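Below is one structure, written out as structure tokens, with a few remarks after it.
The values are calculated or read from the model by the stated rules, or taken from the named source; none is laboratory data. Quick caveat, the model's predicted, so the values are computed rather than measured. Here the Cβ positions follow ideal geometry from the backbone for every residue, glycine too, while neighbour counts run over all protein chains shown. For accessibility, only protein heavy atoms count, side chains too; no ligands or nucleic acids. Shrake-Rupley method; radii C 1.70, N 1.55, O 1.52, S 1.80 Å.
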Amino acid sequence: MKKLLLSLLFALLTVIPVYADIVPVRVTDVPVGVLGVYQPTNLLKVFEKPDSKSNVLFQKKWSYVTVSETDYAYNLFAVLKDKKDLSFVYATDMDEDYVKVVYDKSKNLQGWAYKEDEFQFLPWITFYNMYGRKYGLKILKDAPDFVYDVHSRSDNDSQVIGKITRPKEIRLTAVQGNWVLVTVLNLGDKVSTGFVRWRGDNGEIYLFPNI
């Protein structure tokens, strides 16, 4: 009976797709200096230069069904949500029809990917306005203490009017430079509305869309 149950379990696991779930968790998960994200097609080809005739540094054909079985996914994707059909890699530069992307996060290897349409590259402000507004924001682990301060204005010297303690939800209203205007619902239903720092002066990311 035990062998039969194990066989059935193995059969189910081989049939049911295993979904990947890749999102930044810590501040260090997002490379400093990233300008935004690039949404790849199912064939990602990365060139040495912003020119299709230059050397190909990286090339993968992938799908949401099989990407979880690969060994490169966690080094490649900034965000991968199979169930939502969402995938992004970090983007660090632009050149007309090409976007410079990070194709190996562990080694910070970068190259140029062709931009087939304008919506493939999303600068941070566009990305946050689209996905931060839709899903809310989360504070990444190891963010500095000042990130938890809710200010009256988008200014370090402005009055602190609230604290993020144990947030149930951080709703995004607007992005203003390195600040975001948010409404924070803390545990206990205490609400604070004001500005918090989502990005550091050197480009470190502290808050990320809670996709």
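Considering only Thr126, Ala91, Gly162, whose Cα is most displaced toward the positive end of the charge dipole of the chain, charges sitting on Cβ of Lys, Arg (+1) and Asp, Glu (-1)?
Sorting the options by dipole projection puts first Gly162.
At a Förster radius of 25 Å, what calculated FRET efficiency corresponds to the Cβ-Cβ distance of Asp51 and Phe119, to the nearest 0.05?
Working: r = 22 Å, r/R0 = 0.90.
Once the sixth-power term is evaluated, E becomes 0.65.
State the percentage of accessible surface on the chain attributable to carbon and sulfur atoms; use a 1.4 Å probe and exclude ligands, DNA and RNA.
On the way: 6130 of 12020 Å².
Result for the chain: 51 percent of the exposed heavy-atom area is carbon or sulfur.
Using a 1.4 angstrom probe with every protein chain in place, what is the largest-first accessible-area order of Lys107, Lys83?
Numbers: Lys107 145, Lys83 165 Å².
So the residues, ranked largest to smallest area, are Lys83, Lys107.
In whole angstrom, how far apart do the alpha carbon centroids of segment 141-211 and segment 72-97 sit?
Taking the Cα centre of segment 72-97 as reference, the centre of segment 141-211 is 25 Å away.
Report the Stokes-Einstein translational diffusion coefficient (µm² s⁻¹, integer) for segment 147-202, Rh taken as the Kirkwood radius over Cα pairs, at 20 °C with viscosity 1.002 mPa s. Numbers along the way, then the final one.
Details: Rh = 11.1 Å.
It comes out at roughly 193 µm²/s.
Would you mind classifying segment 78-179 by shape? Square roots of the alpha carbon gyration tensor eigenvalues, ordered a ≥ b ≥ c; an a/c under 1.5 is rounded, otherwise it is prolate if a/b is larger than b/c and oblate if not. Please list the in-between numbers first.
Values: a/c = 2.04, a/b = 1.92, b/c = 1.06.
The shape class here is prolate.
Quick one: putting +1 on the C-beta of Lys and Arg, -1 on the C-beta of Asp and Glu, what dipole do you get for segment 36-169 around its Cα centre, in Debye to the nearest 20? Don't jump to the answer; show the numbers that get you there.
Working: 20 positive and 20 negative charges, 110 e Å.
Rounded to the nearest 20 debye, it is 540 debye.
By how many degrees, 0 to 90 and rounded to 10, does the Cα axis of helix 2-15 deviate from the longest principal axis of the chain?
Taking Cα atoms only, the helix is inclined about 70 degrees.
In Å, what Rg and Dmax follow from the Cα atoms of the chain?
19.9, 69
Within 10 Å, Cβ to Cβ, of Tyr64, how many net charges do the neighbouring residues add up to if Lys/Arg are +1 and Asp/Glu are -1?
Details: positive: Lys81, Lys83, Lys84; negative: Asp82, Asp85.
With Lys, Arg at +1 and Asp, Glu at -1, the net is +1.
How do Arg199, Arg171 rank by accessible surface area computed with a 1.4 Å probe, from largest to smallest? Present the calculation step by step, with values, prior to reporting the outcome.
Working: Arg199 60, Arg171 120 Å².
The ordering from most to least exposed comes out as Arg171, Arg199.
So, in nm, how far is label Asp97 from label Asp85 when the simple model puts each one 7 Å beyond its Cα toward the Cβ?
Spacing of the two 7 Å Cα→Cβ label points: 2.6 nm.
If you take the square roots of the eigenvalues of the alpha-carbon gyration tensor of segment 21-94 and sort them as a ≥ b ≥ c, do you get rounded (a/c under 1.5), prolate (a/b over b/c) or oblate? Please report the intermediate quantities before stating the final value.
Details: a/c = 2.00, a/b = 1.17, b/c = 1.72.
Note, shape of segment 21-94 comes out oblate.
Assign unit charges at the C-beta atoms only (+1 for Lys and Arg, -1 for Asp and Glu), then state the dipole size of segment 103-179 relative to its Cα centre in Debye, rounded to the nearest 20. Display every interim value, and only then the final one.
Numbers: 12 positive and 10 negative charges, 78 e Å.
Dipole size: approximately 380 debye.
If each DSSP helix of 4+ residues adds -39,500 (n - 2.57) and the sum is divided by the residues in the chain, what number results at 222 nm, nearest 500 deg cm²/dmol?
Details: 3 runs with 22 residues, N = 211.
So the helix-based figure for the chain works out to -2500 deg cm²/dmol.
Take the chain, connect every pair of alpha-carbon atoms lying under 10 Å apart with a spring to form a Gaussian network, then pick out the residue of Asp93, Asp29, Asp71 with the largest mean-square fluctuation.
Evaluated over the chain, the most mobile residue of the options is Asp71.
Heavy-atom accessible area per residue, the chain, 1.4 Å probe: how many Å²? Walk me through the numbers before you get to the answer.
Details: 12020 Å² over 211 residues.
Here the per-residue accessible area is 57 Å².
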